[in-house]
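Notes follow the structure.
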Amino acid sequence: MKRYVVAILGATGAVGSRLISELEQSKIPVATVRFLASKRSAGKKLHFKNREIIVEEATPDSFSGVDLVLSSAGGAVSKKLLPEAVKRGAVCVDNTSAFRMDDQVPLIVPGVNDDQLACHHGIIANPNCSTIQMVAALAPLHQRWGLEQIIVSTYQAVSGAGQSAWNEMLQQAQARLNGEEGKANILPTASDKKHYPLAFNLLPQIDVFEDDGYSHEEWKMIHETKKILFNDQDSSRAKVTATCVRVPVEIGHGESIYFSLEDKSATVAEIRKEIAQAPGLVLQDNPQEQLYPQPLSAAGKKETFVGRIREDLENAGAFQMWVVADNLLRGAASNTVEIAEELVKKDLVKVPNN
Ligand code: A2P
């Protein structure tokens with residue numbers, strides 16, 4: 001059986017630590033692993049299947065002899081290093097937005113569009129965490145009744161902004177409980193001018209703003225959804241709009257999704273049945289028993305949880321639902337490792353000659 005040399009780029013980060021544990025549990029036959037991060041972490045010790053692995057500084061030559069790269073070290077690092085990894089023969093599954101809109105790069109949610117994997121050129125993109133859970137929940141409904149419109153509002157956990165943003169929010173919360181003022185240096189986004197506290201607050205900004213007033217996170221949700229569902233990032237087959245909000249939750253994004261279907265005959269009972277039957281989705285929908293998805297109970301799980309399904313009482317064929325998933329697992333590490341498993345299964349861990 002072929003065994004693979006696997007590198008995890010960003011191994012010391014919030015998603016990186018989950019990539020390590022997902023890879024440990026995966027079906028991928030691993031020959032050796034390399035853990036890569038910034039110079040700051042070089043020499044740090046991490047573990048893989050009870051073996052100690054020393055973290056190395058990521059450089060182009062770190063990828064010599066590597067078959068498969070699982071990457072989550074930020075867009076700038078991916079842009080710089082992944083083409084170098086591909087040049088050295090490695091196939092890369094990237095968690096950042098660096099290559100998602102590139103026509104040569106498949107954007108994959110396993111179970112939804114993994115038929116696109118076969119046309120990769122060395123890099124495969126993992127969608128944004130908030131896109132993955134929405135598309136996972138909508139895909140079976142789209143397949144049966146056709147999506148016409150999606151209006152989504154997100155409630156996104158701080159861990160999606162990385163470990164240092166997560167630490168910052170915890171420090172703000174502690175300061176507030178001590179009657180002190182917490183410091184805000186990172187959120188809503190490190191690259192923008194102003195910073196605000198997230199603890200006991202809501203920030204309707206994730207990433208920077210575009211000229212049209214949408215945040216880049218909202219832009220990503222719109223165009224990634226179209227690329228995944230219609231294989232065209234600008235498709236007009238369904239209308240998609242989004243409002244993305246950072247909330248003071250540690251792990252687990254919540255999404256209020258309003259959607260309308262082309263086929264107006266769908267009922268709430270049929271939608272519940274489709275969700276309950278779909279692999280990777282868990283129906284938690286019983287208002288009488290106060291059963292609905294929550295971030296605390298979704299954290300640490302790989303599934304996408306769906307509840308509060310109800311019809312729009314004034315528009316036929318339109319519905320609302322509430323979808324929650326662990327953004328670090330379902331929205332990142334599990335999706336990445338599932339993509340890698342598909343690549344292995346289909347014998348696609350090779351860079352095609354272009
Ligand atoms: P490090 O821990 O050495 O900074 P998070 O998303 O939780 O913020 O994690 C980001 C990950 O990306 C970390 O593993 C971090 O390593 C890594 N990283 C940041 N900058 C670089 C870089 N220039 N080269 C390689 N890895 C980097």
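Since every read-out is calculated from the coordinates, none of them should be taken as a lab result. Since the structure is predicted, the reported quantities are computational estimates derived from the model, not experimental observations. Cβ: placed from backbone, ideal geometry, glycine included. Neighbour counts: every protein chain shown.
Here are the numbers:
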{"item": "Estimated distance in nm for a label pair at Thr59 and Gln320, the labels positioned 7 Å out from Cα along Cα-to-Cβ", "result": "5.6 nm"}
{"item": "Cross-link reach list, aspartates and glutamates versus Lys183, counting only Cα pairs under 19 Å and skipping chain neighbours closer than eight places", "result": "Glu168, Asp192, Glu250"}
{"item": "Around Gly146: net Lys/Arg minus Asp/Glu count, Cβ-Cβ under 12 Å", "result": "0"}
{"item": "Per principal axis, descending, Cα span of the chain in whole Å", "result": "60, 55, 42"}
{"item": "Farthest toward positive dipole pole in the chain [+1 Lys/Arg, -1 Asp/Glu at C-beta], among Gln290, Leu107, Val349", "result": "Val349"}
{"item": "Lys350-Leu170 pseudo-label distance in nm [points 7 Å out on the Cα-to-Cβ vector]", "result": "4.5 nm"}
{"item": "Point-to-point label distance, Arg144-Arg51, nm (Cα→Cβ direction, 7 Å offset)", "result": "4.6 nm"}
{"item": "Beta bridge orientation in region 131-326: antiparallel %, DSSP, nearest 5", "result": "70 percent"}
{"item": "Partner lysines for Lys301 [C-alpha distance under 29 Å; skip if fewer than 8 residues away on the same chain]", "result": "Lys27, Lys44, Lys45, Lys49, Lys220, Lys226, Lys227, Lys273, Lys345, Lys346"}
{"item": "Among Thr189, His216, Phe63 the positive-end extreme of the charge dipole of the chain (Cβ point charges)", "result": "Phe63"}
{"item": "Coil-residue trypsin sites (Lys or Arg not before Pro) of region 258-346, DSSP, other Cβ within 10 Å capped at 16", "result": "Lys264, Lys301, Lys346"}
{"item": "Relative contact order computed over the chain (Cα-Cα under 8 Å; 6+ residues apart), in percent", "result": "19 percent"}
{"item": "Charge-dipole axis of region 1-155 as Lys and Arg at +1 and Asp and Glu at -1 on Cβ define it, positive-most pick from Thr154, Asn95, Pro127", "result": "Asn95"}
{"item": "Where GluC sites (Glu not before Pro) in DSSP loops with at most 13 other Cβ within 10 Å are excluded, longest remaining stretch of the chain", "result": "1-179"}
{"item": "For Leu81, net neighbour charge (Lys/Arg +1, Asp/Glu -1) across residues whose Cβ lies under 15 Å away", "result": "+1"}
{"item": "Within straight-line cross-link reach of Lys87, aspartates and glutamates at Cα separation under 18 Å, skipping those fewer than 8 residues along the same chain", "result": "Asp61, Asp67, Asp102"}
{"item": "About the Cα centre, charge dipole magnitude for the chain (Lys/Arg +1, Asp/Glu -1 at Cβ), debye", "result": "1180 debye"}
{"item": "Built amide H within the under 5 Å cut-off of Leu291, gap 5+", "result": "Asn286"}
